[in-house]
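Let me begin by presenting the structure, written as structure tokens, before commenting on it.
The values are calculated or read from the model by the stated rules, or taken from the named source; none is laboratory data. Predicted, not measured: the structure shown is a model, and the values here were computed from it. Here the Cβ is made from the backbone with ideal geometry for all residues, glycine too, and neighbour counts use every protein chain on show.
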Amino acid sequence: MKYIVNEKVVLSGPPEGPLAAYIGSFTDWVNEQGFASSSLWHRVHLAACFSAWLGNQGIRLGNISSDHPAQYLRYRARRVRPQGADRAALKHLIEFLCGQGVIPPQKALPARELIPVERCAQAFEQYLREERALATATIIYYVPFIRSFLKDRFGSGTVKLSRLRAGDVVGFVQRQAPHCGWRENTGPFWRDKWGHRIGCDLNPSKEEEATGSSCGALVRFGFLRPWRSWLS
């Protein structure tokens, strides 16, 4: 029997387990953050599956901790192909439960020293949140891509943004395309696996080749437009 959570989310059955009573309010909380309908459904569906797993494991509401999502995802990976957003989705669920006082605040892990790429990615995330006022869902969409781009270019070494060139962007996109489901379309545009247009001609102009400027390529590739604004 289908279970209607709200007008955007319909589950295959009523939620079970210790979090069943909180699935509706979690759905509203996620929806307020601006996630697309498909992402909203995935997060709610994953939360419901996590709750059912907790119930099967005999884990009571007050005993849920930040360790349990990782245990569940290992269990889930043996049955369902993992998605990149799974870990972040359950992290948001734990944050929601803590914020609602449903489970006690989780003990913070000892801070680890961030490599330069991570520090740069965090600064960019702060810029998107505070200066551009982008929705959380949009930030989650942009930042991992920029982090991967920087790791591809600088590895674990010092990040020197002044060294970025059009060729770095072109090479990164071409290497990532087979893994991300992007494909070239007729005309200057690239499209993702859903058919959405995500960028346009990545070939540097003669002026860019002569000067080494990366700005043109950054603008032409849709993911990197906010990045270019941050650099300027």
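Inside the range 137-177, residues that are touching a Ser or Thr at 6+ places or on another chain (Cβ under 8 Å) and of a type in the set (D, E, K, R) make up a count of 2. Taking (1) in a loop (DSSP other than H, G, I, E, B); (2) modelled with pLDDT under 80; (3) not assigned by TED's automatic domain parsing to the domain that holds residue 57 in turn, residue 142 satisfies each apart from (1).
Counting only helices (runs of 4 or more DSSP H) that fall entirely inside the range 1-120 and contain at least 3 residues that are small (Gly, Ala, Ser) and surrounded by 15 or more Cβ atoms within 10 Å (Cβ to Cβ), the qualifying elements are 37-56. You will find that of 88, 52, the residue that is of a type in the set (Gly, Ala, Ser) and modelled with pLDDT of 90 or more is 52 and no other.
Residue-wise test of (1) out of contact with any His (no Cβ under 9 Å at 6 or more places or on another chain); (2) among the aromatic types (Phe, Trp, Tyr); (3) at pLDDT below 80.
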site: 110; (1), (2), (3): yes, no, yes
site: 113; (1), (2), (3): yes, no, yes
site: 126; (1), (2), (3): yes, no, no
site: 129; (1), (2), (3): yes, no, yes
site: 146; (1), (2), (3): yes, no, no
site: 149; (1), (2), (3): yes, yes, no
site: 156; (1), (2), (3): yes, no, no
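A Cβ distance below 7 Å, combined with a sequence gap of six or more or placement on separate chains, defines the contacts here; from the range 127-142, residues that are within 14 Å of residue 40 (Cβ to Cβ) reach residues that are buried (at least 17 other Cβ atoms within 10 Å of the Cβ) and modelled with pLDDT of 75 or more in the pairs 137/35; 137/39.
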